[in-house]
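Have a look at the structure below, then the notes.
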Amino acid sequence: MTDPGSIPSGFERDVPLGQFTTIGIGGPARFFFRAGSVDALRESLEWAAASGIELFILGGGSNLLIADEGFDGLVIQIALRGITVQSEDRYVMVKAAAGELWDPFVAGAVRNRWAGIESLSGIPGSVGATPIQNVGAYGQDVSETIVRVEALDRHSGTVRWFTNAECHFGYRRSLFKNETPNRYIILSVVFRLEVGGEAAVRYPELHRYLDDHDGDAGHLASVREAVLAIRRLKGMVLDAADPDTRSDGSFFMNPILAADAFMEFRRGAQSFVGSDAKIPAFPADDGSVKLSAAWLIEHAGFQKGFVHGNAGLSSKHTLAVINRGGATAREVLALVRMIQRAVRERFGIEIQPEPNFIGIST
Ligand SMILES: Cc1cc2nc3c(=O)[nH]c(=O)nc-3n(C[C@H](O)[C@H](O)[C@H](O)COP(=O)(O)OP(=O)(O)OC[C@H]3O[C@@H](n4cnc5c(N)ncnc54)[C@H](O)[C@@H]3O)c2cc1C
């Protein structure tokens, strides 16, 4: 790639990317720009296209593994801000710009007694990234409340609105991530939240916590507090003082098997763990079955706190690959591949990483 010479104002060169990621890993971006308006975003896209430079869109950096060599192109951090609210009888339509931070957005909804996203408390990152992998936790996901997504089409340069159905949401998937990766830049998301609605308490773990702590399962603030407390116990709320949170959250997705593949898996697994052992499995769409990636990893020989150089597994959560201090993307990848291989060899199951890999060939 040739050097484009002069760069537009506001652009920086050779910016280390690890500082923008929650796992704290990543070499430099050749060019870096924070886009605070749609016009500025458009201009930076035009410059990249005219200069033949590759592009990467950065949100809050909480779902990324960036190569130690960095990214030889332009990284644009989406810094669009603003929230508008439209009331509609029992519902509010809340439009949030992509660069708004997700958890303060959830906190605001809970304060206003708007139901629909309370179980998604404590998840880091930006609003604009939530439709990408249909962010979810504790039985709730954003596809339940997103009504529209506004996105800039990099191919045509035009802005387009997607309805919920057009986003093709599934478990940690969407049109944006799985069908047209890197094509659309999300500008804003509109959520439909229920005024004074009931909280969603769908996980036994959440019920138990509320029961044990005199929480009120119908009360949004009480459910938010319970979710945050449970997540903290698992190192799933960012905390600079807790090295177990220097991660991408869950690094592996729970695999989903068709019913017959599940029966075959169970027969094989029981030969390792015994026929009486309980193998966690949950009903998913169309009769398929969702397995627990954490269970597979533990039974393939990796326990919480497993160490691999400067990388490792969280001491609180098997699914969280952490940077123990000074870890490289190479070390993380070596650990990830070791875990994938062990699960494949023991159970014949391919567990897939959840984070997006940048500058890393898979
Ligand atoms: C401690 C911890 C706990 C977590 N818990 C959960 C959880 O419970 N559930 C869950 O689903 N996830 C969880 N995550 C993962 C992560 O927080 C979410 O996926 C989050 O939505 C990522 O947002 P981000 O802004 O940080 O995106 P980034 O990591 O910056 O980017 C992720 C992807 O989205 C793309 N992207 C970002 N913004 C835009 C945009 N405006 N337009 C187009 N593309 C964009 C990027 O190019 C990249 O491909 C957790 C992560 C951590 C560190």
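Laid out as a table, the results:
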| quantity | calculated |
| --- | --- |
| Normalised contact order of the range 83-233, rounded percent, pairs of Cα under 8 Å and 6 or more residues apart | 29 |
| Length added when fully stretched, Arg341-Ala281, from 0.36 nm per residue minus Cα-Cα | 19.5 nm |
| Potential lengthening between Asn112 and Ala259 on full extension [0.36 nm per residue; Cα-Cα distance subtracted] | 48.7 nm |
| Ellipticity estimate at 222 nm from DSSP helix runs (n ≥ 4, -39,500 (n - 2.57)) divided over the chain, nearest 500 | -7500 deg cm²/dmol |
| Global form of the chain, assessed from the alpha-carbon gyration tensor, a/c cut-off 1.5 | oblate |
| Cα gyration tensor category, rounded, prolate or oblate, for the range 12-78 with a/c compared to 1.5 | oblate |
| Of Ile76, Ile322, Ile23, the one that fluctuates the most in a GNM where the chain has Cα springs shorter than 10 Å | Ile76 |
| Fluctuation leader among Glu194, Glu100, Glu179 - the chain, Gaussian network, Cα springs under 10 angstrom | Glu179 |
| Value of relative contact order over the chain, rounded to a whole percent, pairs C-alpha under 8 Å and six or more apart | 16 |
| Residues with amide H under 5 Å from that of Tyr91, placed H, sequence gap 5 or more | Val195 |
| Gap separating the Cα centres of the range 46-74 and the range 246-305, nearest whole Å | 34 |
| Residues whose placed amide H lies under 5 Å from that of Gly122, excluding near-sequence neighbours | none |
| Relative contact order of the range 243-358, pairs being alpha-carbon contacts under 8 Å that are 6 or more residues apart, as % | 34 |
| Choice from Ala329, Ala284, Ala67 with maximal GNM fluctuation in the chain (Cα, 10 Å cutoff) | Ala284 |
| Vicinal HN-Hα couplings computed from phi for the range 250-258 (Karplus, 6.51 cos²θ - 1.76 cosθ + 1.60; Hz; Gly/Pro x) | 6, 7, 10, 8, 6, x, 10, 10, 5 |
| Candidate aspartates and glutamates for bridging to Lys234, where Cα separation is under 14 Å - those fewer than 8 sequence places away on the same chain excluded | Glu205, Asp242, Asp244, Asp248 |
| Antiparallel DSSP beta bridges within the range 1-123, as percent of all bridges there, nearest 5 | 50 |
| Added length on full extension, which subtracts the Cα-Cα distance from 0.36 nm per residue, Glu54 to Ser87 | 7.8 nm |
| Thr180-Glu46 FRET efficiency (beta carbon distance; Förster radius 25 Å; 0.05 resolution) | 0.80 |
| In range of the label at Ser288: residues from the range 143-159 whose backbone nitrogen is under 20 Å from the point 7 Å along Cα→Cβ | 143-144 |
| Cβ charges +1 (Lys, Arg) and -1 (Asp, Glu), total dipole of the chain, debye | 380 |
| Hits among lysines - C-alpha to C-alpha of Lys278 under 21 Å, sequence gap 8 or more where chains match | Lys290, Lys304 |
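Quick note: the coordinates plus some simple rules give every number you see, no bench work behind them. From a predicted model like this one, the values you see are computed outputs, not experimental measurements. Note: ideal-geometry Cβ built from the backbone for every residue, glycine included; neighbour counts use all protein chains shown.
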